[in-house]
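**Student:** This is the structure, below, for whatever I ask next.
The values are calculated or read from the model by the stated rules, or taken from the named source; none is laboratory data. Computed from a prediction, not measured in an experiment: that's the story for all the values here. Virtual Cβ from ideal backbone geometry, glycine too; neighbours counted across all protein chains shown. Surface accessibility is based on the protein's heavy atoms, side chains included, excluding ligands, DNA and RNA. Shrake-Rupley method; radii C 1.70, N 1.55, O 1.52, S 1.80 Å.
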Amino acid sequence: MPISARQIIRHMQKTALDAVFPPGCVNCSEPIDSPGNLCSRCWPEMTYISAPFCDICGYPFEYHAGDGMICAACLKRPPAYSKARAVLKYDEASRDMILGYKHSDQTNRAPTFAQWMNRAGLSLIDGCDMICPVPLHRQRLIQRRFNQSAMLARELSKLGDKPAILDLLIRKHHTRTQGGLSARARFRNVRGAFEINPARISQLKGARILLIDDVLTTGATVEACSKCLLDAGALNVDVLTFSRVVRAANNII
Ligand SMILES: [Zn+2]
Ligand SMILES: [Zn+2]
């Protein structure tokens, strides 16, 4: 049967998309029609974070109690960053997808994750001058071969047409992984762990920074990064993560 020009174009478009997005469901690899999505089984399993939420840290509220509401944790101790937003709740449904991206070389998930982050964090992206990722220590970068946050920052830079300064922050110390640590220990673990790349200081002065990470757990890491950026002269720091932990009571930060 002769192949029509339209079929060839469609095939070429699909091949181009496959090169960017994984061909199957981003979570379970089940074949799907439109790459860069979840299948109909995985999609409803995820918990997408949407308003109403804390105006500062993005912690989701059960009901709408008025514009600009902030959670008890932010009221008690406001974070150094101005606003944090996330796409998905980090839970049983999303965990394997995120860990697979972070630890199993499934880096072709980055463009999809970044597209979702671009939607969830549109106002933060519009309001920033530059995007920067939470850095890995050089030793961990060698082990892992890529910085999962830098990949998201690079994709978001393309989507939002904002510069990504991937080496703005440097991780000075090879801190132990945050997994398994209490909230208090996490804050202690990353205190003083970051510094500004001396070659980037002049770009940072007076700039509005959008800090990117894959998961916000207690907020200890983004808090340490935000303090570092603000101390060095950034005007403002917002945070955009792919997912965040949502505890019953947001009293950790
Ligand atoms: Zn699926
Ligand atoms: Zn809050």
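**Student:** Please work out how much accessible surface C42 shows to a 1.4 Å probe, ignoring ligands, DNA and RNA, in Å² rounded to 10.
**Tutor:** Its accessible surface works out to 10 Å², give or take rounding.
**Student:** Could you check how much of the accessible area of the chain is carbon and sulfur, as a whole percent, using a 1.4 Å probe?
**Tutor:** The C+S portion of the solvent-accessible surface of the chain is 52 percent.
**Student:** Next up: Can you give me the angle between helix 148-160 and the longest principal axis of the chain, using Cα atoms only, in degrees from 0 to 90, rounded to the nearest 10?
**Tutor:** Here the helix axis deviates by roughly 70 degrees.
**Student:** Separate question: Please return the longest range in the chain lying between exposed loop sites, taking chymotrypsin sites (Phe, Trp or Tyr not before Pro), DSSP loop only, at most 16 other beta-carbon atoms within 10 Å, and leaving the sites out.
**Tutor:** Counting only loop sites that pass the neighbour cut-off, the longest clear stretch is 147-253.
**Student:** While we're here: Which entries of K83/K162; K205/K227; K83/K172; K172/K227; K83/K227; K102/K162 show an alpha-carbon separation above 20 angstrom in the structure shown?
**Tutor:** Result: K83/K172; K102/K162 exceed 20 Å.
**Student:** Could you list the square roots of 5 times each eigenvalue of the Cα gyration tensor of segment 23-161, that is, the equivalent ellipsoid semi-axes, sorted largest first and rounded to whole Å?
**Tutor:** After diagonalising the Cα gyration tensor, the semi-axes are 26, 21, 15 Å.
**Student:** For all pairs of alpha-carbon atoms in the chain, what percent lies in each bin of width 5 Å, listed from the first bin to the last filled one?
**Tutor:** Calculated P(r), rounded to whole percents: 1, 6, 12, 17, 19, 17, 12, 7, 4, 2, 1, 1, 0, 0, 0.
**Student:** Could you tell me how many degrees, from 0 to 90 and to the nearest 10, lie between the Cα long axis of helix 110-120 and the main elongation axis, the longest principal axis, of the Cα atoms of the chain?
**Tutor:** 60 degrees
**Student:** With a probe of 1.4 Å, find how much accessible area segment 133-253 has per residue, and write the answer as a whole number in Å².
**Tutor:** Accessible area per residue, segment 133-253: 46 Å².
**Student:** Between L235 and K205, how many nm apart are label points set 7 Å from Cα along the C-beta direction?
**Tutor:** 1.4 nm
**Student:** Please return the longest range in the chain lying between exposed loop sites, taking trypsin sites (Lys or Arg not before Pro), DSSP loop only, at most 16 other beta-carbon atoms within 10 Å, and leaving the sites out.
**Tutor:** Counting only loop sites that pass the neighbour cut-off, the longest clear stretch is 42-144.
**Student:** How do 216-224, 67-75 rank on mean C-beta neighbours within 10 Å, highest first?
**Tutor:** 216-224, 67-75
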